[in-house]
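Student: One structure is given below, represented as structure tokens, and several questions about it will come after.
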Amino acid sequence: MSPPSLRLLEPAVRGYAWGSRRFLADLQGRPAPTPTPEAEAWFGAHPGAPARTVASSGADRLDEVIDADPAGELGVAVLERFGPRLPFLTKLLAADAPLSLQAHPSAEQARRGFEVEEALGIARDAPDRNYRDAWPKPELLLALTPFRALCGFREPIETADFLAALDVRGLDVVVERLARDGPGALADVVAWALRDGRDAAIATLPELRSAAARVREGAWASTARCVVDLADRYPGDPGTVVALLLRLVELAPGQAIHVPDGVLHAYLGGAGLEVMASSDNVLRGGLTAKHVDVDALLEVVDPRPLPPPFVSGERQGDETVYATPTPHFRLSELTVEGQPVRLDDRGPQVLVAVGGATEVTVDGAVATITSGRGAFVSARATEVTVSGHGRLLRTTTGDPV
């Protein structure tokens, strides 16, 4: 008997302190509030927290299912492009508090960093490990609720104007540097706040918080409120000074942002579906109780100012596609309203329901995905249709470049 082409998935739930005690439970119809925060639900095959396949014969880890037959589960084309592993990771993310100030490595940086830490003999699950795998981690976040994030450097002259208006003693050197050197100053200011001038940056925080609290209207009001919140949550953390350099992004449900390699960012709050290259490599600079390695972060940060990182959904047939240049993944959305919809053949795919119940038929096998749960469809599938009434988010590999 050939292996099934359709497997229901039970995600691996990760309980970080910044998570929500309601969102994932409410989405899945479980009692809420939960005893402890639930931050992420992983629908993937990353060995750090693989989803489990659900079948009458029992449950298996998705990574082990793929390892047993990479060509059948992934298809030859994906195997040749990415090797014997699912190249993307799909997560539901629910943040009731800010995540760390962080960036992710490029493919070459990840490979090199992983090799160095392997040679040093640092356990892959050690809390002070930076590179848990050899893969990059570009990501896309689609908001399911109102969502706020700091993402990428804004134009330095704008930040200089804001800081000058706050008039905080000790940050005048930052204002002067940003106004004089523009983008060339960004990496140096980050290094000053987090490492070289850390004590001086920390000394500015009480006055910075007070000055930001006085900004209650105008173009900078939202950024000022963010500064106050971070200063209150992370007293004595100079990451709050770095946050001043970053663009504040506010998403409505259905809007998305793309975070490429090297982009400094921090998710502030809200819930969404996150898709990324299948990696758990995070270089942190602050705003967290987790491991911080400023030197490693500075090695990967892209010091250029960026435009707003919004990704617009584009209608393609029955799907809304959130296109990015990342080859590891492609995210699309289907709203299923009774009539069956046939999905195109794009190799292995992960389907996650975020409302209603969707019936999936794969080569004659039928399963129902309920809200907050998912399914894995292997590359051996020849015909995939969805029906019922629900909202379905679909991850496949990106188009070849």
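Student: One residue is enough: does segment 149-161 have a residue meeting the conditions open to solvent by 10 Å² or more (accessible area, probe 1.4 Å), assigned to a strand (DSSP E or B) and more than 16 Å from V301 (Cβ to Cβ)?
Tutor: no
Student: All but one of (1) open to solvent by 10 Å² or more (accessible area, probe 1.4 Å); (2) under 22 Å from T326 (Cβ atoms); (3) modelled with pLDDT of 95 or more; (4) in contact with a Lys or Arg (Cβ under 8 Å, 6 or more places away or on another chain) hold for D280, so report the exception by its number.
Tutor: It fails just one condition, (3).
Student: Shifting gears a bit: How about segment 374-389: which of its residues are open to solvent by 10 Å² or more (accessible area, probe 1.4 Å) and either closer than 9 Å to T358 by Cα or among the aromatic types (F, W, Y) (or both)?
Tutor: S387, G388, H389
Student: Would you mind telling me which numbered condition in (1) outside any strand (DSSP E or B); (2) under 21 Å from R85 (Cα atoms); (3) open to solvent by less than 50 Å² (accessible area, probe 1.4 Å) D345 fails?
Tutor: Unmet for D345, out of (1) outside any strand (DSSP E or B); (2) under 21 Å from R85 (Cα atoms); (3) open to solvent by less than 50 Å² (accessible area, probe 1.4 Å): (3).
Student: Continuing with the same structure: Can you pull out every residue in segment 179-197 that is closer than 19 Å to G239 by Cβ and in contact (Cβ under 8 Å) with a residue 60 or more places away in the chain?
Tutor: Passing the criteria: L186, A187, V190, A191, L194, R195.
Student: Determine the pairs where a residue that is more than 28 Å from R111 (Cα to Cα) and of a type in the set (S, T, Y), located within segment 136-150, has a partner that is assigned to a strand (DSSP E or B) and open to solvent by 10 Å² or more (accessible area, probe 1.4 Å) with Cβ atoms under 6 Å apart, the partner being 6 or more residues away or on another chain.
Tutor: T145/G270
Student: What about S371, is it surrounded by fewer than 20 Cβ atoms within 10 Å (Cβ to Cβ), polar (S, T, N, Q), in contact (Cβ under 8 Å) with a residue 60 or more places away in the chain and on the phi < 0 side of the Ramachandran plot?
Tutor: yes
Student: Same structure again: Scan segment 1-53 residue by residue and report those that are at pLDDT 95 or above, among the aromatic types (F, W, Y) and in a loop (DSSP other than H, G, I, E, B).
Tutor: Selection gives W18 alone.
Student: I've got another one for you. Give me the residue from segment 83-93 that is assigned to a loop (DSSP other than H, G, I, E, B) and touching a Ser or Thr at 6+ places or on another chain (Cβ under 8 Å) and, out of that set, surrounded by the fewest Cβ atoms within 10 Å (Cβ to Cβ).
Tutor: That would be R85.
Student: Tell me which residues, restricted to segment 5-15, are surrounded by fewer than 19 Cβ atoms within 10 Å (Cβ to Cβ) and farther than 13 Å from R373 by Cβ.
Tutor: R14, G15
Student: Any residue in segment 221-230 that is in contact with a Ser or Thr (Cβ under 8 Å, 6 or more places away or on another chain) and modelled with pLDDT of 95 or more?
Tutor: Checked segment 221-230: at least one residue is in contact with a Ser or Thr (Cβ under 8 Å, 6 or more places away or on another chain) and modelled with pLDDT of 95 or more.
Student: Just checking, which of P146, P98 is more than 15 Å from the chain's Cα centre (by Cα), closer than 24 Å to R233 by Cα and at pLDDT 95 or above?
Tutor: Within the list P146, P98, the selection yields P146.
Student: Would you be able to say whether some residue in segment 54-62 is within 25 Å of the chain's Cα centre (by Cα), part of a loop (DSSP other than H, G, I, E, B) and on the phi < 0 side of the Ramachandran plot?
Tutor: Within segment 54-62, not a single residue is within 25 Å of the chain's Cα centre (by Cα), part of a loop (DSSP other than H, G, I, E, B) and on the phi < 0 side of the Ramachandran plot.
Student: Six or more apart or on different chains, Cβ under 7 Å: which pairs go from a residue in segment 258-275 that's under 20 Å from G372 (Cβ atoms) and at pLDDT 95 or above to one that's basic (K, R) and open to solvent by less than 10 Å² (accessible area, probe 1.4 Å)? Could you list them?
Tutor: Every condition considered, the pairs that remain are E274/K91.
Student: I'm trying to understand the selection: among the residues of segment 25-82, which are open to solvent by less than 20 Å² (accessible area, probe 1.4 Å), without any contact (Cβ under 8 Å) to a residue 40 or more places away in the chain and among the polar types (S, T, N, Q)?
Tutor: Residue satisfying the conditions is T34 alone.
Student: Can you tell me how many residues within segment 104-131 are open to solvent by 10 Å² or more (accessible area, probe 1.4 Å), closer than 21 Å to D302 by Cα and assigned to a loop (DSSP other than H, G, I, E, B)?
Tutor: Of the residues in that region, 3 qualify.
Student: Looking only at strands (runs of 3 or more DSSP E) that lie completely in segment 204-278, which have at least 3 residues being closer than 30 Å to L86 by Cβ?
Tutor: Where strands (runs of 3 or more DSSP E) fall fully within segment 204-278 and carry at least 3 residues being closer than 30 Å to L86 by Cβ, they are 256-259, 265-277.
Student: Something else: In segment 229-277, how many residues are within 26 Å of A200 (Cβ to Cβ) and surrounded by fewer than 20 Cβ atoms within 10 Å (Cβ to Cβ)?
Tutor: Final tally of qualifying residues: 6.
Student: Now, a different point. Which members of segment 316-326 meet the condition of being open to solvent by 40 Å² or more (accessible area, probe 1.4 Å) and either modelled with pLDDT of 95 or more or touching a strand residue (DSSP E or B) at 6+ places or on another chain (Cβ under 7 Å) (or both)?
Tutor: D318, A323
The values are calculated or read from the model by the stated rules, or taken from the named source; none is laboratory data. Remember, it's a predicted structure, so these values are computed and weren't measured experimentally. All Cβ positions, even for glycine, are placed from backbone atoms using ideal geometry, and neighbour counts span all protein chains on display. For the accessible areas, the whole protein counts, side chains as well, though only heavy atoms, and no ligand, DNA or RNA atoms are used. Shrake-Rupley method; radii C 1.70, N 1.55, O 1.52, S 1.80 Å.
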